[in-house]
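Everything on this sheet refers to the single structure shown next.
The values are calculated or read from the model by the stated rules, or taken from the named source; none is laboratory data. It should be emphasised that the depicted structure is a prediction, and the values quoted were computed from it without experimental measurement. Every residue, glycine among them, receives a Cβ derived from its backbone with ideal geometry; neighbour counts consider all protein chains shown. Just the protein is used for accessible areas: all its heavy atoms, side chains included, with ligands, DNA and RNA removed. Shrake-Rupley method; radii C 1.70, N 1.55, O 1.52, S 1.80 Å.
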Amino acid sequence: MFLAVRELRFAKARFGLMGAVVALIAVLVVLLSGLSTGLVNDGVSGLQRIPATSFAFADGVQHDSAFSRSVIDVSAVDSWKAQPRVADAAPFGNALINARSDSGVEIDLALFGVPTDSFLSPPVAEGARLDAADGIVVSRTAIEAGLRVGDTVTVDRIGTRLTVVGAMAEQHTFGHVDVAYLPLRIWQEIKAGVRPGEPVPGGTYDEITAVAVRAADGAEVDLAAGDRAAGTESLSRTQAYGASPGYTAETSTLRLIEWFLYAISALVVGAFFTVWTIQRRAEIAVLRAMGAPTGYLLRDGLAQALALLLLAVGAGVAVGTAAGSLVGSGIPFALSAPAIAVAALLLLVLGLAGAAVAIVRIAAVDPLTALGANR
């Protein structure tokens, strides 16, 4: 480490400039990680908190829009309940609406229609749980947007009035829209466009969006067998995230940008150490002429790169985290310690890989160069 430490001490400007570039990349990666996590939460946090392991949709439905296109008969629920290793199954309805509260708050809601006595009925942190009346339980973010427990919400166009009876403790959103749980029968009427006081068309109460399936503890349900019996097409809960509007496009775009930043970091570090290795050929040749083995020089160079990357990435992560904490609530942004740790580790590993490719040039340095053999 003698040569590496000496160079770090006496070439502060060069290593400082390189470290600043890596630190800026780390800041960008942390902010992109927070934006990616925030978009995921804003897109599918409502699905993430549903205690189901899979959803059974209409057979042949498009996977990227399953929640908006799927319509199946409620009888499929009994078929799924009868499947081996299924602990429970319940009908599930989904619809997006525009609404206005009696206090003048205009809000969009993703309605989740569920039986009030099923495992899908959400716990509440404020107010009461779902009952058989026209009550809804809303996301905490809807409360932050201006709704209050006790408010009456009117659905646009059809005029159905819903009372906010409770609020959940955490964010529950679907497609960047606040979730509101309501009794399944009321959801079916809203989905069918039935106005208050109008007769309900036949078959309205037979249609649902999907069957929410919960596997027994530690068991894995044979989804293919269940689909054959019920005439449905199943997606695991994780696969169902892709049916949230915009989820796949948003996450894929941000992931691609992150990987470009990782690649840029590796290229930048590799280019720096390539130039640095070329500039120190004479010193390396002297060390080799004195008997320093190639392995020692390689370890020395990699240790130098590791020291630089650790300092730069650490500083970048600290600045990025501090900057992320200042992001306003209006932006879907959430810092996640595991995501930041993975991003920092990837920057270190890929940066070391880029430096290693450059430092391998050390093995080609002829020790006779130090004795003037090239003259």
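Values for this structure:
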quantity: Theoretical FRET efficiency, 1/(1+(r/R0)^6), r = Cβ-Cβ of Ala307 and Thr238, R0 56 Å, to 0.05; calculated: 0.90
quantity: Inter-probe distance in nm under a simple model that places probes 7 Å from Cα toward Cβ, at Ser65 and Ala341; calculated: 4.1 nm
quantity: Average Cα contact separation per residue, the chain, under 8 Å, 6 or more apart, as relative contact order %; calculated: 28 percent
quantity: Neighbour-limited loop hits for trypsin sites (Lys or Arg not before Pro), the range 23-105 (at most 15 other Cβ within 10 Å; DSSP other than H, G, I, E, B); calculated: Arg85
quantity: Among beta bridges that DSSP assigns inside the range 101-168, antiparallel share in %, nearest 5; calculated: 60 percent
quantity: Rounded percent of accessible protein surface that carbon and sulfur make up, the chain, 1.4 Å probe; calculated: 59 percent
quantity: Charge-dipole axis of the range 235-365 as Lys and Arg at +1 and Asp and Glu at -1 on Cβ define it, positive-most pick from Gly320, Gly246, Val342; calculated: Val342
quantity: Rounded D (µm²/s) - the range 1-138, Kirkwood Rh over Cα pairs, Stokes-Einstein at 25 °C, 0.890 mPa s; calculated: 121 µm²/s
quantity: Global geometry of the range 104-217, whether rounded, prolate or oblate, following the gyration tensor of its Cα atoms and the 1.5 cut on a/c; calculated: oblate
quantity: Two-site label geometry, Arg148 and Ala192: point separation in nm, points 7 Å out along Cα→Cβ; calculated: 3.5 nm
quantity: Probe 1.4 Å, protein heavy atoms only - accessible area per residue of the range 222-375 in square angstrom; calculated: 51 Å²
quantity: Alpha-carbon centroids, the range 283-304 and the range 72-143: separation in whole Å; calculated: 67 Å
quantity: Computed magnitude of the charge dipole of the chain (debye, nearest 20; Cβ of K, R +1, Cβ of D, E -1); calculated: 2280 debye
quantity: Orientation-averaged projected area, Cα convex hull of the range 217-375 (nm²); calculated: 16.2 nm²
quantity: Sites Ala263 and Val349 - FRET efficiency at Förster radius 22 Å, r taken between beta-carbons, to 0.05; calculated: 0.95
quantity: Accessible area per residue, Å², the range 131-217 with all protein chains present, probe 1.4 Å; calculated: 42 Å²
quantity: Alpha carbon convex hull of the chain, volume per residue in cubic angstrom; calculated: 176 Å³
quantity: Label point at Asp117 placed 7 Å out along Cα→Cβ; residues across the range 84-107 whose backbone nitrogen lies under 19 Å; calculated: 87-93
quantity: Label-point separation in nm, Arg361 to Ala169, each point 7 Å along Cα→Cβ; calculated: 5.7 nm
quantity: Accessible surface, per residue, of the range 1-81 when the full set of protein chains is kept, probe 1.4 Å, Å²; calculated: 46 Å²
quantity: Backbone N within the range 175-202 under 11 Å of label point (7 Å from Asp108 Cα along the Cβ vector); calculated: 175-178
